[in-house]
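The values are calculated or read from the model by the stated rules, or taken from the named source; none is laboratory data. Just so it is clear, the structure is predicted and the values come from calculations on it, not from any experiment. Because the Cβ atoms are built from the backbone with ideal geometry, glycine has one as well, and the counts that use them run over all protein chains shown.
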């Protein structure tokens, strides 16, 4: 498992930890509560198991103090020149090229903002260049293997409401093989009442 996979898994686990129980998640009426409890336990267990790894990865990827200062000053300039919403934040719109851009009162204000930002970039030239190199290094860092210990869960514990993006990441913690999963899915389908039974 790569470090980038661990970050993806952590993101999905956090999203799933916010799920609310719904009986329709499980077709087996007799096992719904138990399956949900097992699922919730597995989610919490894995979040705890990878916490130290996540902390280490995020620490390694965290920006330098100099870069944080540059970003703060950059945002301050944008707030100073751009038009603001009711919360005092710069108004940003999407262009036809799907590029986010600030809204200015007039062309003169826009040019003044661009000049101030350019002057800031020149001031932090070395910091920006170092950050570019760190971004490239972080790509290699995230591709490194990460030896994590995970708590395996059964495919049958998964709620039916999960989306494909969740499933793709959860494959790291599914205990069964693809053949086993096919058998589980077939059993679930066979356990559901057919349309004729519903009418009767």
**Asked** Of all the residues that make up segment 142-166, how many are over 30 Å from residue 24 (Cβ atoms) and surrounded by 15 or more Cβ atoms within 10 Å (Cβ to Cβ)?
**Response** 3
**Request:** Can you give me the number of residues within segment 20-31 that are in a helix (DSSP H, G or I) and in contact (Cβ under 8 Å) with a residue 60 or more places away in the chain?
**Result:** 2
**Request:** Taking the options 82, 42, name whichever one is touching a strand residue (DSSP E or B) at 6+ places or on another chain (Cβ under 7 Å), surrounded by 13 or more Cβ atoms within 10 Å (Cβ to Cβ) and touching a residue at least 60 places away in the same chain (Cβ under 8 Å).
**Result:** 42
**Request:** Just name the residue that is farthest from residue 117 (Cα to Cα) out of those in segment 94-105 that are at pLDDT below 85 and part of a strand (DSSP E or B).
**Result:** 94
**Complete:** By residue number, the members of segment 102-120 that are surrounded by 13 or more Cβ atoms within 10 Å (Cβ to Cβ) and farther than 12 Å from residue 80 by Cβ are 103, 110, 114
**Item:** Filter result for residue 131 (out of contact with any strand residue (DSSP E or B) (no Cβ under 7 Å at 6 or more places or on another chain), modelled with pLDDT under 90 and not in a strand (DSSP E or B))
**Value:** no
**Request:** Check 34, 16 and return the single one that is in the same structural domain as residue 172 (by TED's automatic domain parsing) and free of Cβ contacts under 8 Å to residues at least 60 places away in the same chain.
**Result:** 34
